[in-house]
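The values are calculated or read from the model by the stated rules, or taken from the named source; none is laboratory data. Since we're looking at a predicted model, the values are computed, not measured. Using ideal geometry, Cβ is built from the backbone for each residue, glycine included, and neighbour counts are taken over all protein chains shown. Protein only, heavy atoms only, side chains kept; ligands, DNA and RNA dropped before computing areas. Shrake-Rupley method; radii C 1.70, N 1.55, O 1.52, S 1.80 Å.
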Amino acid sequence: MKATIITIGDEILIGQIVDTNSASIARHLNAAGIVVAEKESVGDDRDAIVAALRRAMDGSDVTILTGGLGPTKDDITKRTLAELFGCELVRDERVARHVRRMLESRGIAYNDLNRGQSLVPACCTVLFNAHGTAPGMWFERDGRVVVSLPGVPFEMEHLMQDEVMPRLKARFALRQIVHRTLITSGLAESMLAERIAGWEAALPPYLHLAYLPSPDKVRLRLSAYEVEGEEVAHEIEAQFEKLRTIIPEYILGYETATIQSVVHDLLTQRHLTLATAESCTGGAIAARFTAMPGASAYFRCGVVSYTVEAKHDLLGVSLDDIDRYGVVSEPVVRAMAEGMRRTAHADYAVATTGVAGPAGGTPECPVGTVWMAVAGPQGTVAVCRQSGSDRGQIIDRASGQAIALLRDEILWQNFVNSYQIYRKDREMTKNQI
């Protein structure tokens with residue numbers, strides 16, 4: 001089974017909005033065993049829509065379009081589909097009643113443009129849109145299925161889940177596609193590939209490995225196509241368990257796992273508290289934690305100490321150290337972390353100071369240089385990292401690197417505590433003997 005996704009709208013082509021619909025549709029289709037062969041974006045132009053749809057129907061069993069179903073004159077998808085499939089537009093009374101009720105509840109007048117929302121091609125099956133005014137439409141021709149959905153993301157998502165996927169599963173005999181993604185952090189893509197080359201070479205031939213790198217992590221996705229899902233899923237799990245023995249310290253978890261979610265769990269489970277002191281990362285570390293539900297259980301506060309005065313006044317960093325070593329230095333980042341931990345009365349504090357660019361770098365301290373530190377119960381550790389050359393990349397990568405340092409310190413502290421308990425228990429046993 002192959003599918004094509006077509007997104008319609010001039011606003012996509014000029015970069016005014018980001019197309020998230022095709023990614024969501026692809027996830028739904030893949031989960032059902034339908035391979036997305038192509039994605040295409042076209043403008044609000046009749047000829048472009050027709051040409052794209054004809055190409056899609058020549059090569060795909062299923063074509064899903066989004067966009068161009070609104071009430072204004074530039075929304076031409078519905079009229080174009082009616083012409084292409086050779087039928088007229090007719091009024092759907094259920095849609096008309098729904099549109100009127102929805103607009104009246106919002107205090108919006110029900111005018112001729114809104115009445116046009118209830119017109120649908122006579123040859124389609126109407127997909128009722130409970131969350132908006134534009135219905136979806138289902139067409140069939142020569143064994144091919146074409147589905148037109150509104151471009152509003154949450155409306156599209158509800159229709160895919162409630163209407164489209166159940167119909168596709170009933171219409172076609174589908175075999176599964178199985179994807180499983182392991183998240184790694186701390187190794188660049190080339191270094192990771194070198195470390196796991198033996199494991200990769202030994203994979204069964206029906207499993208396909210993909211490397212998906214980003215600034216602070218590399219995702220490893222194993223995929224199998226047109227298979228018996230449960231048996232293959234077990235095999236993928238077994239292969240990833242083998243990988244855990246090769247690079248255990250670099251694995252974050254599965255699918256959507258992030259370095260901050262790992263630390264979130266550690267802090268929550270151990271009843272520890274955290275504060276942040278950021279300069280070059282501008283609050284990005286604090287934002288990663290506070291975006292997660294439950295962060296209030298451990299996150300005390302965060303300070304963005306961007307100036308020398310703020311580092312001194314809020315965190316107690318010595319002006320002599322700043323003059324002597326510079327703001328991007330080990331003594332300064334250590335003092336930032338220790339001052340933040342002391343001020344917030346937190347178990348741990350993480351701090352960053354660096355050169356995010358594009359200006360401000362020197363031969364001794366080029367753009368991308370970031371010092372990061374973690375202050376904890378057993379002292380302070382600081383490291384220097386080169387985090388890239390683009391400002392956004394530097395902030396993103398340094399934030400992940402600093403949180404990874406925090407994770408390592410928490411785990412190390414847990415190991416130290418466990419070892420001390422072990423030594424104490426041994427001493428007690430020896431005394432008893």
- line: Note on the range 299-319: residues among the basic types (Lys, Arg) and open to solvent by 20 Å² or more (accessible area, probe 1.4 Å) are Arg300
- request: Please state which of the following conditions Arg385 fails to meet, knowing it meets all the rest: (1) assigned to a strand (DSSP E or B); (2) crowded, with 17+ Cβ neighbours inside 10 Å; (3) touching a residue at least 24 places away in the same chain (Cβ under 8 Å); (4) not small (Gly, Ala, Ser).
  value: (3)
- request: Filter the range 363-374 down to the residues that are over 14 Å from Ser279 (Cβ atoms) and modelled with pLDDT of 95 or more, then identify the one that is most open to solvent (accessible area, probe 1.4 Å).
  value: Pro366
query: Within the range 87-125, how many residues turn out to be closer than 23 Å to Val146 by Cβ, in contact with a strand residue (DSSP E or B) (Cβ under 9 Å, 6 or more places away or on another chain) and either surrounded by 17 or more Cβ atoms within 10 Å (Cβ to Cβ) or not hydroxyl-bearing (Ser, Thr, Tyr) (or both)?
result: 16
query: Scanning the range 127-141 for residues that are of a type outside the set (Gly, Ala, Ser) and open to solvent by 40 Å² or more (accessible area, probe 1.4 Å), which turns out nearest to Arg94 (Cα to Cα)?
result: Phe128
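A quick yes/no check of all residues on (1) outside any strand (DSSP E or B); (2) open to solvent by 60 Å² or more (accessible area, probe 1.4 Å):
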{"residue": "Ile17", "(1), (2)": "yes, yes"}
{"residue": "Gly33", "(1), (2)": "yes, no"}
{"residue": "Glu40", "(1), (2)": "no, no"}
{"residue": "Leu53", "(1), (2)": "yes, no"}
{"residue": "Ala56", "(1), (2)": "yes, no"}
field: Within the range 161-190, considering residues that are among the aliphatic types (A, V, I, L, M) and under 30 Å from Gly388 (Cα atoms), the one surrounded by the fewest Cβ atoms within 10 Å (Cβ to Cβ)
entry: Ala188
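Tell me, please, whether a residue that is open to solvent by 50 Å² or more (accessible area, probe 1.4 Å) and either at pLDDT 95 or above or in a helix (DSSP H, G or I) (or both) can be found in the range 226-233.
For the range 226-233, residues open to solvent by 50 Å² or more (accessible area, probe 1.4 Å) and either at pLDDT 95 or above or in a helix (DSSP H, G or I) (or both): present.
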- request: Would you check if Phe154 is within 34 Å of the chain's Cα centre (by Cα) and among the hydrophobic types (A, V, I, L, M, F, W, C)?
  value: yes
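So, Leu182, is that one out of contact with any Cys (no Cβ under 6 Å at 6 or more places or on another chain), at pLDDT 95 or above and outside any helix (DSSP H, G or I) or not?
Against the criterion (out of contact with any Cys (no Cβ under 6 Å at 6 or more places or on another chain), at pLDDT 95 or above and outside any helix (DSSP H, G or I)), Leu182 qualifies.
Yes/no matrix, rows are residues, columns are (1) at pLDDT 95 or above; (2) surrounded by fewer than 20 Cβ atoms within 10 Å (Cβ to Cβ); (3) of a type in the set (D, E, K, R):
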residue	(1), (2), (3)
Asp321	yes, yes, yes
Thr343	yes, yes, no
Ala349	yes, no, no
Gly376	yes, no, no
Ile403	yes, no, no
Leu411	no, yes, no
Val416	no, yes, no
- request: Would you mention how many residues in the range 191-207 are modelled with pLDDT of 95 or more, open to solvent by 60 Å² or more (accessible area, probe 1.4 Å) and not hydrophobic (A, V, I, L, M, F, W, C)?
  value: 3
statement: When the range 152-179 is checked residue by residue, the ones that are assigned to a strand (DSSP E or B) and more than 30 Å from Ile259 (Cα to Cα) are Gln176
- prompt: Any residue in the range 257-267 that is over 30 Å from Gly360 (Cα atoms) and over 20 Å from the mean Cα position of the chain (by Cα)?
  reply: yes
- prompt: Just checking, how many residues over the range 343-388 are under 26 Å from the mean Cα position of the chain (by Cα) and among the charged types (D, E, K, R)?
  reply: 1
field: Scan of the range 318-357 for residues that are of a type in the set (S, T, N, Q) and without any contact (Cβ under 8 Å) to a residue 60 or more places away in the chain, ordered by number
entry: Ser318, Ser329
field: Yes/no for Ile8 being in contact with a strand residue (DSSP E or B) (Cβ under 8 Å, 6 or more places away or on another chain) and either β-branched (Val, Ile, Thr) or open to solvent by less than 40 Å² (accessible area, probe 1.4 Å) (or both)
entry: yes
